[in-house]
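K.L.:
One structure, as structure tokens, below. Some questions next.
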Amino acid sequence: MAGPAQELVFAPLGGVGEIGMNLSIYGLGPELRRQWLAVDLGVSFASEEHLPGIDLIFPDIRYLVAERKNLAGLVLTHAHEDHYGAILDLWPKLKVPIFATPFTAALLAAKRASEPGAPEIPVTVVPLGSRFKVGPFDVELVSMAHSIPESNALIIRTPAGAVLHTGDWKIDLTPILGDVTDEKKLRALGEEGCLAIVGDSTNAVRDGRSPSEKDVAKTIAELVKNARGRVAVTTFASNVARLRAVIDAARVADREVVVVGRAMERVIQVARETGYLEGVQDLRAADAYDYLPPNKVVALCTGSQGEPRAALSRIAEDQHPDVTLSRGDTVIFSARTIPGNEREVGRVMNGLIDQGITVITDRTHMVHVSGHPRRAELEELIGWVKPKILIPVHGEALHLSEHAALARRCGVKDVVQCRNGDLVRLSPSPGIIDEVPCGRLYKDGSLVVEADSRTVADRKRLSFAGAVSVALALTDKGELIDDPSLDLIGIPERDRDGGLMHEAVNDAVIETLQSLPRGRRRDPDAVAEAVRRAVRAAVNERWGKKPMCHVHVLTV
Ligand SMILES: [Zn+2]
Ligand SMILES: [Zn+2]
């Protein structure tokens, strides 16, 4: 017997209106008895935001922690960092069952093994294309082409309707390795009836269709064949199809492949274990590089984003222990520069060009394609699935609004544009009905801290305007016992008139103490605050910046 209609809701807790950090949740049942399904748990990289000492940003999962007993599981769509990079750090707070396909699970295990102290995380490995239960949710995987093996869309079936959560995808009929996008299953979903698409908007501003991995492979093969000296190729390690293209290009050109960089070694190991590099020749470790003649080697390197510690940066600075390049050699950047990394990538490219090395990028050659659907592909998916509702996710505001407009043009009845933390009802009657807590966490050294914590804000101010530390010893009447002890950190030594900043600060401290009424001078907190203000004002007057100031008052 059918009970009252089940309510189905969706909320993005990350990845909407920003790049990276994907985390979505689906809830089934009446508000007080909702069961949740989480999809993905990704990171974002902090490079673009100037957060001193912070490398990674995570979605704030306090809502999921609060709802933990109702959280049935976490399904990972694929092993890109923006979808699974927060698991090692955040899973211990959730301890939720994780479901992933073999490549994703193996890459997670390899990552875990490379991080000392990382938690043991049980993962249920589910086959490609499989269908399984997660609490009240009936989840079916749909293979999608993307820029990593085993990208999956999820069909999430519930008594309130079926949702297609696309994950990251494109249509590529010749993806080099892995499955093509499962058109048949998607069309079948359209026949069965699909309530909503929650879909990738990354390339919704780009017309037409994405080129294929095969086009890239062809270009790389030609470049390698025609190169005279050494060739180095850098790409995202996780793009196994691209690695395969480079390996095949090397074989045809009668060159050996040398693998340079830990992330690259790790992915190749996992790809071999999971059958994605079957039949490829043996690859060499970096220490073999030196023995090979220049026209017999292709180096496959990490560092496509200009990461200073990665292989390519070190090669460009001639700091790599095994690998060197010189005039006449070629470096192929087979990757997109992620916004925020332009400067670092530019630095590496310039370093290489200054040494007479030929640099090839996707601006002049088809050496990279995106793994995300352009407009014709988005339209095609809508045509196959015929959803009643479409919710654009995975993109910045512009991408989301273009995806929304496209869906409306394609005749989708309800297009819901939401932001992180919006609780969207999918059934019955779609719309934003509430908000749930969301936000950001920072990985700070080995700790995970709240984004609004004072520490990072303090470091930002320190890096901008330095700090002054003042120590005062006062009698119980508030008289100075000795000269103030001052430390100026990161502050110019002299002002524009040549005056010593140290002296100016010292004068400001003494004058402040003298000007304070006797009663206030006996109150260490009042003294500290007055001195702090005076010191910052004195430095500001001479430098145009207010440093942080810490005053320590000791009463004897
Ligand atoms: Zn993604
Ligand atoms: Zn992806």
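K.L.:
Quick one: Cα centre-to-centre distance for the stretch 49-98 and the stretch 468-506, in angstrom?
P.N.:
46 Å
K.L.:
Given the Cα-Cα distance of L32 and V125 and 0.36 nm per residue of separation, how much length would full extension add, in nm?
P.N.:
Between L32 and V125, full extension yields an extra 30.4 nm.
K.L.:
Right, another one. With a/c under 1.5 counting as rounded, go ahead and sort the stretch 158-231 into rounded, prolate or oblate using the C-alpha gyration tensor (a ≥ b ≥ c being the square roots of the eigenvalues; past the cut-off, prolate if a/b is larger than b/c, else oblate).
P.N.:
prolate
K.L.:
Amide H to amide H under 5 Å from D179: which residues, 5+ apart in sequence or cross-chain, H placed 1.01 Å off N in plane?
P.N.:
Distant-sequence amide H within range of D179: E150.
K.L.:
Want the number for L554 to D287: 0.36 nm per residue separation, take away the alpha-carbon distance, what's left?
P.N.:
90.2 nm
K.L.:
Tell me, what is the per residue accessible area of the stretch 228-317 in Å², probe radius 1.4 Å?
P.N.:
I get 42 Å² per residue for this part.
K.L.:
OK, next. Just order 75-87, 515-527 by mean Cβ neighbour count inside 10 Å, highest at the front, would you?
P.N.:
75-87, 515-527
K.L.:
For the chain, find the longest principal axis of its Cα atoms and tell me its angle to the long axis of helix 102-114, 0 to 90°, nearest 10.
P.N.:
So the inclination is approximately 30 degrees.
K.L.:
Tell me which residues come under 5 Å, amide H to amide H, from T101 once H is placed; ignore anything under 5 positions away on its chain.
P.N.:
Here V126 satisfy the definition.
K.L.:
Follow-up. Can you give me the C-alpha center-to-center distance between the stretch 390-426 and the stretch 12-31, rounded to a whole angstrom?
P.N.:
Computed from Cα coordinates, the inter-centre distance equals 13 Å.
K.L.:
For the chain, find the longest principal axis of its Cα atoms and tell me its angle to the long axis of helix 397-409, 0 to 90°, nearest 10.
P.N.:
That helix lies at roughly 30 degrees to the long axis.
K.L.:
Roughly how many nanometres apart are two label points built 7 Å out from the Cα toward the Cβ at I433 and D138?
P.N.:
So the label points at I433 and D138 sit 2.2 nm apart.
K.L.:
Using the scaling law 2.2 N^0.38 Å as the reference, what is the normalised Cα Rg of the stretch 337-427?
P.N.:
Against the compact-globule rule of thumb, the ratio is 1.57.
K.L.:
In the full protein assembly as shown, how much of L28 is accessible to a 1.4 Å probe, in Å² to the nearest 10?
P.N.:
Ignoring ligands and nucleic acids, L28 comes out at about 10 Å².
K.L.:
Over the stretch 1-143, with the other protein chains present, what is the accessible area per residue in square angstrom, probe 1.4 angstrom?
P.N.:
In whole numbers, the stretch 1-143 has 37 Å² accessible per residue.
K.L.:
Rounded to the nearest 500 deg cm²/dmol, what is the calculated helix-only ellipticity per residue at 222 nm for the chain, with -39500 (n - 2.57) per DSSP H run of length n ≥ 4?
P.N.:
Calculated mean residue ellipticity at 222 nm is -9500 deg cm²/dmol.
K.L.:
OK, next. Extending each Cα 7 Å along its Cβ direction at A376 and A467, get the distance between those two points in nm, one decimal.
P.N.:
Reported label-point gap for A376 and A467 is 5.8 nm.
K.L.:
Now a separate question. Accessible area per residue, 1.4 Å probe, Å², for the stretch 332-386: what's the number?
P.N.:
44 Å²
K.L.:
Provide the percentage of antiparallel DSSP beta bridges, counting only those with both residues in the chain; round to the nearest 5.
P.N.:
Here the antiparallel bridges make up roughly 55 percent for the chain.
K.L.:
What lysines sit close enough to K93 to cross-link, taking a C-alpha to C-alpha distance under 29 Å and skipping anything fewer than 8 places away on the same chain?
P.N.:
Once the sequence-local lysines are set aside, what remains near K93 is K69, K111, K133, K443, K460.
K.L.:
Turning to a different aspect of this structure: Tell me the label-point distance for the pair V449, H365, using the 7 Å Cα-to-Cβ offset, in nm and rounded to one decimal.
P.N.:
Each label point is offset 7 Å from its Cα along the Cβ direction, giving 4.4 nm.
K.L.:
Then there's this: Compute the label zone of L398 within the stretch 346-375: residues whose backbone N is under 19 Å from the point 7 Å along Cα-to-Cβ.
P.N.:
363, 370-375
K.L.:
Still on this structure, please answer the following. Let a ≥ b ≥ c be the square roots of the eigenvalues of the Cα gyration tensor of the stretch 211-352; is it rounded (a/c under 1.5), or, if not, prolate (a/b larger than b/c) or oblate?
P.N.:
Here the stretch 211-352 falls in the rounded category.
K.L.:
Same structure, new question: If you wrap the chain's Cα atoms in a convex hull and average its projection over all directions, what's the area in nm²?
P.N.:
32.4 nm²
K.L.:
Then there's this: Quick one: pull the percent of accessible area on the stretch 290-446 belonging to carbon and sulfur, 1.4 Å probe, ligands and nucleic acids left out.
P.N.:
Looking at the stretch 290-446 in its full context, I get 47 percent from C and S.
K.L.:
Would you mind checking the tilt of helix 213-226 against the longest principal axis of the Cα atoms of the chain, expressed as 0 to 90 degrees and rounded to 10?
P.N.:
80 degrees
K.L.:
Provide the FRET efficiency to the nearest 0.05 for the K460-E541 pair, computing r from the beta carbons and using R0 = 25 Å.
P.N.:
After rounding to 0.05, the efficiency reads 0.65.
K.L.:
Can you list the lysines whose alpha carbon is less than 24 Å from that of K218, not counting same-chain residues fewer than 8 positions off?
P.N.:
K170, K296
K.L.:
Under a 5 Å amide H to amide H cut-off, with H placed in plane at 1.01 Å, what residues pair with G73 once short-range neighbours are removed?
P.N.:
Those qualifying (amide H under 5 Å, at least 5 residues apart or on another chain) are A38.
The values are calculated or read from the model by the stated rules, or taken from the named source; none is laboratory data. As the structure is a computational prediction, the values presented were derived from the model and not from experiment. Methodologically, a virtual Cβ is constructed for each residue, glycine included, from the backbone with ideal geometry; neighbour enumeration extends over all protein chains shown. Protein only, heavy atoms only, side chains kept; ligands, DNA and RNA dropped before computing areas. Shrake-Rupley method; radii C 1.70, N 1.55, O 1.52, S 1.80 Å.
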